[in-house]
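First the structure, in the form of structure tokens, and then the observations on it.
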Amino acid sequence: MDLGISGRLALVTGGDSGIGFQTAQRLLREGVRVALSDMKQDSVDAAAEKLRAFGEVRGFAADLTDPEQVRALHGAVRDGMGDPDIVVSAAGITGPTGLFHDLTEEDWRRVIDVNFLTALRVARSFIPAMREKGWGRVVFIASEDAVQPYTDELPYCASKAALLSLSKGLSSTYGPDGITVNCVSPAFIETPMTDAMMEKRAKRDGVDIATAVKTFIDKERPMMTVRRRGRAEEVADAIAYLVSATATFTTGAVLRVDGGSVGTMV
């Protein structure tokens, strides 16, 4: 199916690996030009080099926790490629884990800054040009944790819940300007983030990675009816739909790609 976005320009943050990287590849296959952003220039350049076989892509380094670097990113993308029509905010971290009474305020600040405030800063920088053009797509990467919080990762859960609220508010604000704003909520996707989680679990339990994945699903995600880690490409397909010209009536929505992990319909 033609998604109707060939020739558009997308900014994908957190793009050097995982969901961001696969989203960039998926959009390139649709004829979208991609500005790829991540923390380090060498890693984002390496990712861009891998993606050039699929289309036009350039790498831009920026620490999105620094408002000045977000502004600099905006200027560099605008001057180098143009104003993005599409923004996919995929930058994020798991952050410190542990029970509420063991976490410090700085633990909370770091996770909320990286997972929530970076998305807010990017949206604030890039939405104005979308308003001028009368067309835009914004997608935030939330999580199953936003609506089904886990006791040992509450900062992560809260930061992702904040993205749902931000998305809904922005969709109401900018819908009249031709801009849709949505969230995708994955669960336990095969990415460097969950690789690290499973390596830690395997070492702790003295088992291999495959066993660590199985026991995690059995014990921690019993409602995940698709009994495996999801693939980043599966999340990228959902994002591609939401940023497409076919999703004109979908905004303020949350599209779950979670293998059934969330135990409720809403």
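Derivation of every value follows stated rules applied to the coordinates shown; laboratory data play no part. From a predicted model like this one, the values you see are computed outputs, not experimental measurements. When we count neighbours, we look across all protein chains shown, and the Cβ atoms used for this are built from the backbone with ideal geometry, even at glycine.
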**Message:** Binning at 10 angstrom from zero up to the longest distance, how are the C-alpha pair distances of the chain distributed in percent?
**Reply:** 7, 31, 37, 20, 5, 0
**Prompt:** How long are the three semi-axes of the equivalent ellipsoid of region 126-266, in whole Å, if each is the root of 5 times an eigenvalue of the C-alpha gyration tensor, listed from largest down?
**Reply:** 33, 14, 13
**Request:** Report the normalised scattering of region 91-208 as log10 I(q)/I(0) at q = 0.18 Å⁻¹, calculated by the Debye formula with identical scatterers on the alpha carbons.
**Result:** -0.94
**Prompt:** To the nearest 500 deg cm²/dmol, what mean residue ellipticity at 222 nm is calculated for the chain from DSSP H runs of n ≥ 4 alone, each contributing -39,500 (n - 2.57), summed and divided by the residues?
**Reply:** -14000 deg cm²/dmol
**Asked** If all Cα-Cα distances of region 157-226 are sorted into 10 Å bins from 0 onward, what percent lands in each bin, rounded to whole numbers?
**Response** 17, 33, 24, 17, 9, 1
**Complete:** Among the Cα-Cα pairs of region 1-115, the proportion with separation greater than 18 Å, in percent, is 51 percent
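Take peptides 2-14, 211-223 and line them up by average Cβ neighbours within 10 Å, highest first, as a rough protection proxy.
So the peptides 2-14, 211-223, ranked by packing, come out 2-14, 211-223.
For each pair in Lys40/Lys133; Lys168/Lys200; Lys160/Lys219, compute the distance between the two Cα atoms and list the pairs where it is over 26 Å. Numbers along the way, then the final one.
Working: Lys40/Lys133 31 Å; Lys168/Lys200 35 Å; Lys160/Lys219 23 Å.
With Cα atoms farther than 26 Å apart: Lys40/Lys133; Lys168/Lys200.
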**Message:** Name the residue from Gly55, Gly15, Val34 whose Cα lies farthest towards the positive end of the charge dipole of region 1-77, charges +1 on Cβ of Lys and Arg and -1 on Cβ of Asp and Glu.
**Reply:** Gly55
**Asked** Just the C-alpha atoms of region 203-266: what Rg/Rh do they give, with Rh taken as the Kirkwood radius?
**Response** 1.11
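Report the full-extension gain for the segment Arg71 to Asp107: residue separation times 0.36 nm, less the Cα-Cα distance, to one decimal in nm. Don't skip to the end; give the middle numbers.
Numbers: separation 36, 0.36 × 36 = 12.96 nm, distance 2.56 nm.
Difference between extended and current length: 10.4 nm.
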**Message:** Could you check the spin-label model distance between Ala46 and Ile209? Points 7 Å from the Cα along Cα→Cβ, value in nm.
**Reply:** 1.6 nm
